[in-house]
1. From the P(r) of the chain, can you give the percent of Cα pairs sitting at distances over 44 Å?
2. Using a 1.4 angstrom probe and counting only protein chains, how large is the accessible area of ILE35 in Å², to 10?
3. State the answer as a single residue: which of MET1, ILE54, VAL430 lies farthest towards the positive end of the charge dipole of the chain, with beta carbon charges of +1 for Lys and Arg and -1 for Asp and Glu, about the Cα centre.
4. Provide the gained length on full extension for the span HIS140 to ASN5, in nm with one decimal, where the gain is 0.36 nm per separating residue minus the Cα-Cα distance.
5. Which order do you get for ASP203, ASP107, ASP217, ASP11 if you rank them by accessible area with a 1.4 Å probe, largest at the top?
6. Normalise the Cα radius of gyration of segment 1-89 by 2.2 N^0.38 Å (N = residues in it) and let me know the number.
7. Quick one: compute a quarter of the convex hull surface over the Cα atoms of segment 221-313 and quote it in nm².
8. Can you tell me the FRET efficiency between ARG360 and GLU274 if r is taken as the Cβ-Cβ distance and R0 is 41 Å, rounded to the nearest 0.05?
Amino acid sequence: MQAINASIGFDRKLWRQDIAGSLAHAAMLAHVGIISAADEAAIREGLGAIARRIEAGEFPWDEALEDIHMNIEARLTEAIGEAGKRLHTGRSRNDQVALDVRLWVRDAIDGLAGQVEDVMRALVARAEAHADTVMPGFTHLQPAQPVTFGHHLLAYVEMLSRDLSRLRDARARLNESPLGAAALAGTGFPIDRHMTAAALGFDGPTRNSLDSVASRDFAAEFLFCCAMCATHLSRFAEEMVIWTNPYFGFVRLSDAFTTGSSIMPQKRNPDAAELVRGKTGRMVGALVGMLTVLKGLALTYFKDMQEDKEGIFDAAENLTLCLAAVAGMVRDMQPDAARLAQAAGAGFSTATDLADWLVRTLRMPFRDAHHVTGRLVARAEAKGCDLAGLTLAEMQAEEPRITEAVFGVLTVAASVASRTSYGGTAPENVRRMAAEWRERLA
């Protein structure tokens, strides 16, 4: 029973939040006259001493005391006597743990948000440097149309910006204090919940005591934010795995973010990227685990809710690692501009530009232009060349009105330069958007 019941093995991570909540609670109890100023001073001094012992690694954790709350309270009472026993007046472990987890998640969000911004800055800097570097754009992992490397990197900036927004939204929603809800029904003591909420940086207290101790949707939302952000990082990591493969050869990572083989000396494995991709499964699993724990719980508190913490801790820790790894890879990677340009022209990637030219110049309906272009692609395939390798006569055999001017749109450079619509891949667009993001992230 002790082994399955105890949570001190993992919830000790909440010690800073638990002490902060207790300090605020004690100050409020003294303010409203529930405990004396002398008791509050003793509690404050005792909790400070406990914090220093924990920080120094000298605090004796006791599994028999079950959790972080009872471990700290028991040591406090040992140290300061009767005053320590008065600390728990007007609260319960139910609202105490709900408070601690909110505080911990709030701190985690603040740290992760800063890391997301760092990855975005790294991507923006590389995007500016490669606004003119052409590369193949893919659909179905097949060559589609040429884009710029900078534009490709800015796509991840957009994804991460939404992750950042979700984290901030989640923070705003969780920023209400459950302290004072007590076990589930509130308390008859004349506590001041607004005072403790303000002291702990909350926007205010929660409005329903049952909901205060029963709900962990803020934790589930945090885990979704982690899982979604990790999924975006995993997509980037997958591209690192593909792009560093010598058969692609689009970018190179240094030894700082790759590893060798135990028997094959030539290997440079993109292990940092692979681990980012792999750790995403842990975060998705933590989200599913949290929702599964909550789905069958009537109001209010059940011991099942002890299972909320390990997934949160693990997700935050691993997303921290993944963000650091991706920021490092972005700054470390060396794109091969010549190889990217060569690949950008493969697979008849300017076929859409040809179709667009037929529409603009010959006023041909797009569907007809699509069919003509398809036949010209088939001619080029049979000849073993790209579209620009066809002669004018060969093109005119499919559409007599085609002129020499068509060859001006068949280069990769012309293709990307023409994509000037808002959000398009044209280098001038990339530079403008990168500058906008740099200013927003300053």
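The values are calculated or read from the model by the stated rules, or taken from the named source; none is laboratory data. These numbers were taken from a predicted model, which means no experiment stands behind them. Heads up, the Cβs are rebuilt from the backbone with ideal geometry, glycines too, and the neighbour counts pull from every protein chain shown. SASA here: full protein model, heavy atoms, side chains in, ligands and nucleic acids out. Shrake-Rupley method; radii C 1.70, N 1.55, O 1.52, S 1.80 Å.
1. Tail of P(r) above 44 Å: 35 percent of Cα pairs.
2. 10
3. VAL430
4. Separation in residues times 0.36 nm, less the Cα-Cα distance, equals 43.6 nm.
5. ASP203, ASP217, ASP107, ASP11
6. Taking the Cα Rg and dividing by 2.2 N^0.38 Å, one obtains 1.08.
7. For segment 221-313, averaging the hull's shadow over all directions gives 8.0 nm².
8. Once rounded, the FRET efficiency stands at 0.35.
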